[in-house]
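In what follows, a single structure is set out as structure tokens and then discussed.
The values are calculated or read from the model by the stated rules, or taken from the named source; none is laboratory data. Here the structure is a predicted model, which is why all the values come from computation and not from measurement. Note that each Cβ is placed from the backbone with ideal geometry, even for glycine, and that neighbours are counted across all protein chains shown.
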Amino acid sequence: MSNSNENIDIQREKVFKSSPLISLVSPCKIDDGIIQLKSNEEDEYIGFFDDQANDISYFIPASGSGSRMFQFIFDYLSKNKSSDEINLLINSIEEFAFFNKFNEEIQNQIKNNELDTQEILSLIINKSGLNLATLPKGLIPFHNVKNKALNPFQEQILQGLELNKNAKFHFTIQEEFEQEIKESIAELNIDINSIDFSYQDKNTNSFAFKLNGKVLLTNENTPLTRPAGHGALIHNLNTINSEYVFIKNIDNVQHFDKKNAALKTWKVLSGLLMKFKQDGRELLKKPSIEAFHEFNKKYNFCSDQIINEISDLEEIKTMLNRPSRICGMVKNEGLPGGGPFWTKQNNTISKQIIEKAQISDQAEQLNILSESSHFNPVLIVASPFDMVGNKLDLTEFIDDESYFIVNKNQEGNDIKYMELPGLWNGAMSNWNTIFIEVSSNSFSPVKSVTDLLKPLHKKL
């Protein structure tokens, strides 16, 4: 978006009216929006993957800061606020991959109890030590593999190549860390077919408004803008020309010894998408209302309402020739995050991944939210091509009316601005979407550094 007065006016109107809310109809559940595969079906899709996987890219958003992983340490050092997490970290300090990044002298001091808790914690996050809290999450050492401390950038590549040796990689990053990231990847000393980096386009930023409706100006007297959330990354994804794109978060990577469950999940998801598109191509050769109904019974990507309203073959072709995605869904285990729901927007019922901030706080909507049986771990295999192999412009399938209003304080000024829902929310609103139940062994996010002590992060 340009800094034109027209764009400022458009955004001002959106920011100062109520946030658009999505109406939940019901949670997606097994056999009602979520497919639960039998083992023989999984084997079939794995076979599809093994036979056909030749054009694969990984798209991994990785611009997030690692500072939140250490928030409890900041609390301790600034407020002397002890916690069970502090005790766990100190008592298990030698188990962390970053421990090997300390020089030998410091390692010995820690082993011999010559440093107190405050000194150890300061060495983890401050410039006097490892300075981990200033790094992107992807550069923080996660696991020891063959006596080498590896970070998520390195591990995502190693595990991605286990799945397909010709896989390409695209990371969205903070520009100022690009060189350090490249050097880190170079340490692997392996051949990689293709690796690219991009940044969130500043042209997608949102204008910041004061409460009186005026744009907040910078010291240079230009309109202040804020990143519009990772929904803006649809523009980055749109540059990838692989037929199959694996989308996952940078911190969702298991220890190399525990990778097999996740690799199997990716094979099943991508094999299913390949079969979906193959069947879609066959349907397009001899389209009919009846055949489309049968197709949807198998893949459950359209609501009954949409199915019943389709009345001609052109509508079928339009429905099929959209970008497609298979989204793995994990059973709820109390972890936060968006979930799969049947939603109603503009009188149309469709499947969406929804977060709490997108709905009203009415009791009825909150009850539906609470009934969700699964959540979104961001295990997505996407195809930005139509059924017959044409690359699609993904910006044509965004719900432009799906956004959040954010209230923040900017250097003493209360401001409001628009933030787009996640890449897999409003940015993919008008995609063909299939939800599949997957094992929780494919999901091991690291929100706090102590999460690295959980089973999926430990070697066999």
Within region 252-267, tally of residues that are buried (at least 21 other Cβ atoms within 10 Å of the Cβ) and under 17 Å from Asn376 (Cβ atoms) | 3
When residues of region 32-57 are limited to those that are loosely packed, with under 15 Cβ neighbours inside 10 Å and under 26 Å from the mean Cα position of the chain (by Cα), the one modelled with the lowest pLDDT = Asn54
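Residue-by-condition table, conditions (1) over 16 Å from Leu379 (Cβ atoms); (2) outside the structural domain of Val381 (by TED's automatic domain parsing); (3) assigned to a loop (DSSP other than H, G, I, E, B); (4) without any contact (Cβ under 8 Å) to a residue 40 or more places away in the chain:
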| residue | (1), (2), (3), (4) |
| --- | --- |
| Asn40 | yes, no, no, yes |
| Asp43 | yes, no, no, yes |
| Ile46 | no, no, no, no |
| Asp50 | yes, no, no, no |
| Asn54 | yes, no, yes, no |
| Ser78 | yes, yes, no, yes |
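If you go through region 446-459 one residue at a time, do you hit one that is hydrophobic (A, V, I, L, M, F, W, C), over 30 Å from Ala97 (Cβ atoms) and buried (at least 22 other Cβ atoms within 10 Å of the Cβ)? Even if it seems obvious, please write down each step before you answer.
Pass one, region 446-459, residues hydrophobic (A, V, I, L, M, F, W, C): 446, 449, 452-453, 456.
Now narrow it down to the ones that are over 30 Å from Ala97 (Cβ atoms): none.
Within region 446-459, not a single residue is hydrophobic (A, V, I, L, M, F, W, C), over 30 Å from Ala97 (Cβ atoms) and buried (at least 22 other Cβ atoms within 10 Å of the Cβ).
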Quick one: count up the residues across region 58-76 that are modelled with pLDDT of 95 or more and not in a helix (DSSP H, G or I).
-> 5
How many residues does region 299-344 hold that are crowded, with 16+ Cβ neighbours inside 10 Å, in a loop (DSSP other than H, G, I, E, B) and either of a type in the set (D, E, K, R) or on the phi > 0 side of the Ramachandran plot (or both)?
-> 3
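Just to be sure before I move on: is Lys29 surrounded by 15 or more Cβ atoms within 10 Å (Cβ to Cβ), within 23 Å of the chain's Cα centre (by Cα) and closer than 23 Å to Asn425 by Cα in the structure I sent? If you could, list the steps in order and put the result at the bottom.
On the way: surrounded by 15 or more Cβ atoms within 10 Å (Cβ to Cβ): yes; within 23 Å of the chain's Cα centre (by Cα): yes; closer than 23 Å to Asn425 by Cα: yes.
Here the answer is yes, as Lys29 does meet what is asked.
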Looking only at region 184-206, and only at residues there that are touching a strand residue (DSSP E or B) at 6+ places or on another chain (Cβ under 6 Å) and modelled with pLDDT under 95, the one that is surrounded by the fewest Cβ atoms within 10 Å (Cβ to Cβ) | Ser194
Filter region 404-428 down to residues that are at pLDDT 85 or above, surrounded by fewer than 23 Cβ atoms within 10 Å (Cβ to Cβ) and under 19 Å from the mean Cα position of the chain (by Cα), then give me how many there are.
-> 1
Specify which of the listed residues (Ile234, Ile247, Ile240) is in a loop (DSSP other than H, G, I, E, B), touching a residue at least 40 places away in the same chain (Cβ under 8 Å) and crowded, with 16+ Cβ neighbours inside 10 Å.
-> Ile240
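What residue, among those in region 370-403 that are in a strand (DSSP E or B) and not β-branched (Val, Ile, Thr), is surrounded by the most Cβ atoms within 10 Å (Cβ to Cβ)? I'd like the intermediate steps shown before the answer.
First, the residues of region 370-403 that are in a strand (DSSP E or B): 374-375, 379-383, 385, 391.
From what's left, not β-branched (Val, Ile, Thr): 374-375, 379, 382-383, 385, 391.
Working: His374: 23, Phe375: 19, Leu379: 23, Ala382: 27, Ser383: 23, Phe385: 20, Lys391: 14.
Of everything passing the filter in region 370-403, Ala382 is surrounded by the most Cβ atoms within 10 Å (Cβ to Cβ).
For region 352-397, what are the residues that are of a type in the set (D, E, K, R) and either farther than 25 Å from Pro445 by Cα or modelled with pLDDT of 95 or more (or both)? Working first, answer last.
In the first step, residues of region 352-397 are kept if they are of a type in the set (D, E, K, R); the result is 355-356, 361, 364, 371, 386, 391, 393, 396.
Within region 352-397, Asp361, Glu364, Asp386, Lys391, Asp393, Glu396 meet the criteria.
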Selection count where residues are hydrophobic (A, V, I, L, M, F, W, C) and free of Cβ contacts under 8 Å to residues at least 40 places away in the same chain, scope region 306-345 = 4
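Going by the conditions given, is Val406 assigned by TED's automatic domain parsing to the domain that holds Ile326, part of a loop (DSSP other than H, G, I, E, B) and touching a Lys or Arg at 6+ places or on another chain (Cβ under 8 Å)? Can you show your working first?
Values: assigned by TED's automatic domain parsing to the domain that holds Ile326: yes; part of a loop (DSSP other than H, G, I, E, B): no; touching a Lys or Arg at 6+ places or on another chain (Cβ under 8 Å): yes.
Spelling it out, it is not the case that Val406 is assigned by TED's automatic domain parsing to the domain that holds Ile326, part of a loop (DSSP other than H, G, I, E, B) and touching a Lys or Arg at 6+ places or on another chain (Cβ under 8 Å).
If only one of Leu216, Leu224, Leu188 is among the aliphatic types (A, V, I, L, M), over 24 Å from Tyr58 (Cβ atoms) and out of contact with any Lys or Arg (no Cβ under 6 Å at 6 or more places or on another chain), which one is it? Lay out the reasoning, then the answer.
On the way: Leu216 fails: out of contact with any Lys or Arg (no Cβ under 6 Å at 6 or more places or on another chain); Leu188 fails: over 24 Å from Tyr58 (Cβ atoms).
Just one listed residue meets the conditions, Leu224.
To keep it simple, each residue is scored yes or no on (1) among the small types (Gly, Ala, Ser); (2) not in a helix (DSSP H, G or I).
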residue: Gln254; (1), (2): no, yes
residue: Ala261; (1), (2): yes, no
residue: Lys264; (1), (2): no, no
residue: Gly271; (1), (2): yes, no
residue: Met274; (1), (2): no, no
residue: Gly280; (1), (2): yes, no
Matching residues in region 88-120 (farther than 27 Å from Phe256 by Cα and in contact with a Leu (Cβ under 6 Å, 6 or more places away or on another chain)) number 1
Across region 156-183, the tally of residues that are farther than 17 Å from Ser194 by Cβ, at pLDDT 95 or above and under 17 Å from the mean Cα position of the chain (by Cα) stands at 0
Odd one out for Ser303 among (1) touching a residue at least 12 places away in the same chain (Cβ under 8 Å); (2) more than 21 Å from Gln358 (Cβ to Cβ) | (2)
Which members of region 209-231 meet the condition of being over 24 Å from Ile173 (Cβ atoms) and either free of Cβ contacts under 8 Å to residues at least 60 places away in the same chain or crowded, with 21+ Cβ neighbours inside 10 Å (or both)?
-> Phe209, Asn212, Lys214, Leu217, Thr218, Asn219, Glu220, Asn221
